[in-house]
Amino acid sequence: MDALTLQRAQVQVRVNAFVRSVYNWMAIGLGLTGLSAFYVANSPEIQSVIFGSGIVFFGLIIGQLALVFTISSRIYRMQASTATALFILYSLLNGTTLSAIFLAYARSTITNAFFVCAATFVACSVYGYTTRRDLTSFGGFLMMGLFGIVIASLVNLFFQSNAVSMVVSYIGVLVFIGLTAYDTQAIKNMALTQPADIDAGAVRKGAILGALKLYLDFINLFLMLLRIFGSNRE
């Protein structure tokens with residue numbers, strides 16, 4: 001084996017290890033969210049505290065947004081252990097508010113939406129990782145679509161239009177499919193550009209940041225599909 005081949009093999013090992021770490025942390029986050037949501041959904045006392053008071057519910061939403069902003073913008077300024085703790089905390093808090101889906105939808109509907117989401121996510125992530133096409137140019141378009149979804153959803157809070165909700169959901173599916181592939185390729189590129197002598201703490205923080213992005217793609221894709229396929233409980 002010549003020096004160039006050996007170097008490429010070493011780079012590939014580092015890339016595979018980093019990407020595997022990203023998906024491991026994403027899976028941990030999703031697992032914690034699922035357990036938290038299921039626990040709250042089966043605890044009437046906690047439900048009454050969270051959903052019985054608008055202050056508590058919206059306080060949790062604001063807290064989650066603050067955590068996402070903090071992790072995304074300040075992760076390289078904090079310790080790896082702090083970044084990990086904040087990601088775990090966010091996953092648990094997100095589960096408490098997502099527990100509402102167990103009250104709004106039948107368990108079979110949630111299960112079906114989850115498996116469709118998982119299959120779609122895997123396919124898009126594999127594409128993003130393996131394609132030789134540069135997806136960077138799609139980033140701006142996808143972010144515009146994301147902002148459009150947020151604005152339309154906020155406006156629809158006042159109009160409560162089912163038609164608008166469905167349109168937003170279908171567009172949302174397309175946007176988060178694209179973001180899954182885009183973010184996967186960005187994570188791969190991040191791994192490729194990491195120096196060989198990077199310390200373990202920096203690698204952990206990069207993995208947490210990548211896991212957060214994919215986690216958000218998965219959760220939002222799941223919610224959009226749930227809204228499309230879901231039938232509200234009687």
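The values are calculated or read from the model by the stated rules, or taken from the named source; none is laboratory data. Every value quoted in this text rests on a predicted model; they were computed, and no experiment measured them. Backbone-built Cβ (ideal geometry, glycine too); neighbour counts: all protein chains shown.
At-a-glance table
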item: Tally of residues being in contact with a helix residue (DSSP H, G or I) (Cβ under 6 Å, 6 or more places away or on another chain) and touching a residue at least 24 places away in the same chain (Cβ under 8 Å) across the range 85-100; result: 11
item: Residue within the range 178-191 that is aliphatic (A, V, I, L, M) and not in a helix (DSSP H, G or I) present; result: no
item: The range 122-137 residues that are without any contact (Cβ under 8 Å) to a residue 24 or more places away in the chain, paired with ones that are among the small types (Gly, Ala, Ser) and part of a loop (DSSP other than H, G, I, E, B) (beta carbon under 7 Å, 6 or more apart); result: none
item: Close pairs (7 angstrom Cβ cut-off, 6 or more residues apart or separate chains): over 16 Å from Asn42 (Cβ atoms) in the range 104-115, buried (at least 16 other Cβ atoms within 10 Å of the Cβ) and at pLDDT below 85 anywhere; result: Thr109/Gly230; Ala113/Gly230
item: Helices (runs of 4 or more DSSP H) contained entirely in the range 18-104, each with at least 1 residues that are under 16 Å from the mean Cα position of the chain (by Cα); result: 54-74, 80-98
item: Residues that are surrounded by 17 or more Cβ atoms within 10 Å (Cβ to Cβ), over 19 Å from the mean Cα position of the chain (by Cα) and in a helix (DSSP H, G or I), drawn from the range 105-134; result: Thr109
item: Inter-residue pairs, beta-carbon under 8 Å, first under 10 Å from Ala202 (Cα atoms) and in the range 70-82, second at pLDDT below 90, 6+ apart; result: Tyr76/Ala202; Gln79/Gly201; Ala80/Ala200; Ala80/Gly201; Ala80/Ala202
item: Some residue of the range 135-149 being surrounded by fewer than 13 Cβ atoms within 10 Å (Cβ to Cβ), not β-branched (Val, Ile, Thr) and not in a helix (DSSP H, G or I); result: yes
item: Val173 being hydrophobic (A, V, I, L, M, F, W, C) and under 15 Å from the mean Cα position of the chain (by Cα); result: yes
item: Qualifying positions in the range 49-72 - modelled with pLDDT under 90 and small (Gly, Ala, Ser); result: Gly52, Ser53, Gly54
item: Sole exception among (1) acidic (Asp, Glu); (2) in a helix (DSSP H, G or I); (3) without any contact (Cβ under 8 Å) to a residue 24 or more places away in the chain for Asp217, by number; result: (3)
item: Residue identified as within 27 Å of Lys205 (Cα to Cα), surrounded by 15 or more Cβ atoms within 10 Å (Cβ to Cβ) and not β-branched (Val, Ile, Thr) among Leu65, Leu92; result: Leu92
item: Conditions (1) part of a helix (DSSP H, G or I); (2) out of contact with any Leu (no Cβ under 9 Å at 6 or more places or on another chain); number of the one not met by Val173; result: (2)
item: Selection count where residues are part of a helix (DSSP H, G or I) and either farther than 13 Å from Leu223 by Cβ or not polar (S, T, N, Q) (or both), scope the range 159-170; result: 8
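Table: residues versus (1) over 20 Å from the mean Cα position of the chain (by Cα); (2) of a type in the set (S, T, N, Q).
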{"site": "Val155", "(1), (2)": "yes, no"}
{"site": "Ile177", "(1), (2)": "no, no"}
{"site": "Tyr182", "(1), (2)": "no, no"}
{"site": "Gln185", "(1), (2)": "no, yes"}
{"site": "Met190", "(1), (2)": "no, no"}
{"site": "Thr193", "(1), (2)": "yes, yes"}
{"site": "Val203", "(1), (2)": "no, no"}
{"site": "Ala207", "(1), (2)": "no, no"}
